[in-house]
Each structure stands twice: as C-alpha cells, then as structure tokens.
Amino acid sequence: MTTVVLRGGVTLPLAVYQNYIMAKVELLQPQIKGFAVKLKQFLKDKAKKENWHENRVKRVFSVQMKTAVKNFYIRDNCHPFKATILIWVQLPMWICLSFALRNMTGAFPGKLAQDLGVLVPALTSEGTLWFPDLTQPDPYWILPIMLGLTNLMVIEMHALRPTKPSKFQRRVTIFLRCLSVAMVPIAASLPTAMSLYWTVSSVFGLGQNLLLKSPKFRRISRIPKIHGESATPYRDMVNSAKDKVLRTNRRKDTVTSTQRDRKSVV
C-alpha cells in the first residue's frame, strides 16, 4: 500500500510533468529549425559583405543558436533539464525504501545480521499466499520472475518507437534487458519484503507508462498534443510488437537458409 501511495502521489505527477515538458520541447523544434535556417542565411549574406572567414561564421552561428534556443526554452518555460526531475526523485526514493526494508527484515551484510537480527519481528508473519514470512526469500521465485518480466515489458514498450533507434539507444536497451534478467536472481536472494516492493513498484511503473500513452489522459493532464501522437496507441503497440516478431522470424529464416546453402555447396 505504501508503494502505491508513494508512486501514485509522487512519481505519477512527476511523470506527467516530465511528459508535459518533453511535449513542449518537441513542439518547439519547428521554430528552432526555422530560426536556424534564417540565421544561416543571414550570416551567409553578412559573411559575403564583410568577408568573414568560414570558421568565424560557424562560431557566430553556434553562439547565437545556443542563445536563441535558451531564450525559446525560457519563453515557454520548458528547459529539458526539468524533464529529469522524475529520476532525481524516484531513484533516491527507491534506494531509501529498499535499504529501509533490508534493515527491517534484518538482511544485514555479514556478521551484523546475526548480531542485530530482525528489527521488526511482525514481518515474519505478515506475509500472505506462498510467502507468509516477509523476512525470507521467495521460495518459488514467483515475485523475482514477475519483477524481471515486468521490467522487460517496460523496456520493450519503450523500444517499440516509430523511428529507428540510434546505435547508443540500442546499446542502452540491451544493457537494460540484461539488468532486468540479472535482477531476478538478486531479488530471489533477498527477503520477500524487498522483492515484493520491487515487483509492486515495477507493476505500477508499467501501468503508469501505459496510462501516459492514453490521449484522453494526456489531455486531462494538459500535456500538449505533439506531432505524430497516435489516437490508438495501444493498438499501435500491439501491431509494432507483431511486426517486430515477424521481422525477427524472417531474419532467422534467412540465416538458416543461408547456412543450408553453404552446407549444400560444401
């Protein structure tokens, strides 16, 4: 319950604000590009008249563009750094709650665990279903596996972008996939109280991301409509996932047929 209250009362509003800032920044891009075109032409004409060197034109263009972009952000009150407020709040909160649960369940490192023991004995009987004791690891790995799958779903949902990802974005996606898989055995070795908190937090995060895809919710939250925003985001996500699976299968079939052709030639 505490997890839901904190995520719903703190991180959800911040996620809405993050999307609001990102939408305003995206809506500014045509103005910024238009200004850049005009500035290039202006500096080009001025360079011809005053015989400027090419390096000076580039330097002046860079300085004036930075100033102009900054002024655009100030005018619309949407500096991109404001969109990072979510991570600066969510990550410390996640770390603090994780350490608090670790201390409450007595999962201290080394000999300290034997000396202090469980600080909140009630946790040994406040579980439910297959995990009655919240101070012990999940015996069936159900919560850790749910945690890994939920995190992977969030990652894959973000990976289903309409534009082709850059090389850096692909590497980040691969790293996050590996991290999600690595979290499964880590969560399985920790008290159920921690894996339960992580799982509930991840499930809420998945729901939050799906909610922020809804055009109705975005309009209610006063998030500006951006270019290319879909009226049917969930259907588009399903179709994108199907297309991704089909492309993967075709690629595998191509590789298999190529290997067969090589073997037949040999």
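Need pairs with beta-carbon distance below 8 Å; first residue part of a helix (DSSP H, G or I) and within segment 117-129, second at pLDDT below 75; sequence gap 6+ or separate chains.
Thr124/Val118
State whether the residues of segment 111-130 include one that is open to solvent by less than 80 Å² (accessible area, probe 1.4 Å) and at pLDDT 85 or above.
yes
Which is over 22 Å from Thr84 (Cα atoms), assigned to a helix (DSSP H, G or I) and β-branched (Val, Ile, Thr), of Val16, Val60?
Val60
Tell me which helices (runs of 4 or more DSSP H) are completely within segment 134-242 and hold 2 or more residues being free of Cβ contacts under 8 Å to residues at least 40 places away in the same chain and exposed (fewer than 12 other Cβ atoms within 10 Å of the Cβ), or say none if there are none.
167-188, 215-220
The values are calculated or read from the model by the stated rules, or taken from the named source; none is laboratory data. Treat the numbers as computed from the prediction; the structure is a model and nothing was measured. Heads up, the Cβs are rebuilt from the backbone with ideal geometry, glycines too, and the neighbour counts pull from every protein chain shown. With ligands, DNA and RNA removed, areas are computed over all heavy atoms of the protein, side chains included. Shrake-Rupley method; radii C 1.70, N 1.55, O 1.52, S 1.80 Å.
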